[in-house]
1. Would you give the gap between the C-alpha center of the stretch B:154-188 and the C-alpha center of the stretch A:98-174, rounded to a whole Å?
2. Count, for each residue of B:147-154, the Cβ atoms from other chains sitting within 10 Å of its Cβ, then give me the mean as a whole number.
3. With a cut-off of 8 Å between alpha carbons and a minimum separation of six or more residues, what is the relative contact order of the stretch A:58-187 in percent?
4. Does chain A come out rounded, prolate or oblate by the C-alpha gyration tensor, with a ≥ b ≥ c the root eigenvalues, rounded set by a/c under 1.5 and, if not, prolate when a/b is larger than b/c and oblate if not?
5. Could you give the size of the charge dipole of the stretch A:93-172 about its Cα centre, using +1 on the Cβ of each K and R and -1 on the Cβ of each D and E, expressed in debye and rounded to the nearest 20?
6. Of all the C-alpha pairs in the protein assembly as shown, what % are more than 37 Å from each other?
7. Cross-chain or 8 or more residues apart, Cα under 18 Å: how many lysine pairs in the protein assembly as shown fit that? Count them up, please.
8. When only Cα pairs under 8 Å and 6 or more residues apart are kept, what is the percent relative contact order across the stretch A:1-94?
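Just so it is clear, none of the values below were taken in a lab; they were calculated from the coordinates. The model shown is predicted, which means the values in this text are computed figures rather than measured ones. Cβ placement follows ideal geometry from the backbone for every residue including glycine, while neighbour counts extend to all protein chains displayed.
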There are 2 protein chains.
Amino acid sequence: MGRWEPNAQGRLEQAAMELYVERGFDQTTVAEIAKRAGLTERTFFRHFSDKREVLFWGASSLQELMVDAVTNAPSSLGPIATIASALEAAGALLEQRREYPRLRQTIIDANPELQERELIKLASLAVAMTDALHQRGVGDPTARLAAETGIAVFRIAFDRWISEDGGRSLCQIIRASFGELKEMTASG
Amino acid sequence: MGRWEPNAQGRLEQAAMELYVERGFDQTTVAEIAKRAGLTERTFFRHFSDKREVLFWGASSLQELMVDAVTNAPSSLGPIATIASALEAAGALLEQRREYPRLRQTIIDANPELQERELIKLASLAVAMTDALHQRGVGDPTARLAAETGIAVFRIAFDRWISEDGGRSLCQIIRASFGELKEMTASG
């Protein structure tokens, strides 16, 4: 088997996701993932540090995209509109990946350790968004309030998108959820 | 040493907190906690399942208090005002404990494993508050949106209360933070 394998990362990810769904995350070994992908364990470890990273490697690029969106938002946008636009950018990226985000969520929901990891990832995301708002000159508590509330709205919108399974796009649901937040806070 | 020790739980908690601050959570053993409290390890394990529980045993009663506050809120209150009143009830309880919540937060902030546990606790709290709103006839996504946003506001208000160190009460800061949320979502 050669050193270079075409789309090895994609094949390993695909194989891992299938096995996590079929057998559960805990019951799947790296050896089995590599075998299913027709690759070696060594190739697996060139792409992922462990089997959990298959589910979390995208988090840093998603965070980068969202921070960039906050940084580059028109200066006319207020804090919450800025965060909303960053979340829509993330939503658009997730939608491009079609079934992957749904499958990933199913795997995470089935495993408490993965749920913890996901909570930590979302908390870091809120910190990064808060910092990006600070860079735009937004002070605290407004920056943190906008970032944390935004992450909460995003999680809820994401779950709705998964459960609606069709109809509206994730971006549409994110936009609608911010509208509902506004209405809810206004009416008390 | 007799079986019954006056205020054993309080003495163990006090000793544990002191040691966690002095030496760090990881570097403290149950034997040391018991010794500092003038009690036995056996007595420790009659009150706490492990040294982490010293920091988290109050979570379930706090959750119960908040769920009761949601359940018993006047029916005229909207979802977000209901959640706000539950958070103020929690805030009042925390204030009664004086220096304890501040000390506890310092210990948690210094330890990633405890931070994870705290995130999980807050996520469970949001689920419990969502369910309590459902019981009041509030549908989704409003119930979840109100509960998750409320928990985000609470965390921010709590951190401000700790850093302000004096001035306003936790309840005042919670109320102010909800006001800021309202203003922020209205202005976009």
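1. Going from one Cα centre to the other spans 22 Å.
2. 5
3. Taking the mean separation of contacting Cα pairs over the length of the stretch A:58-187, I get 31 percent.
4. prolate
5. Here the size comes out at about 220 debye.
6. 30
7. 6
8. 20
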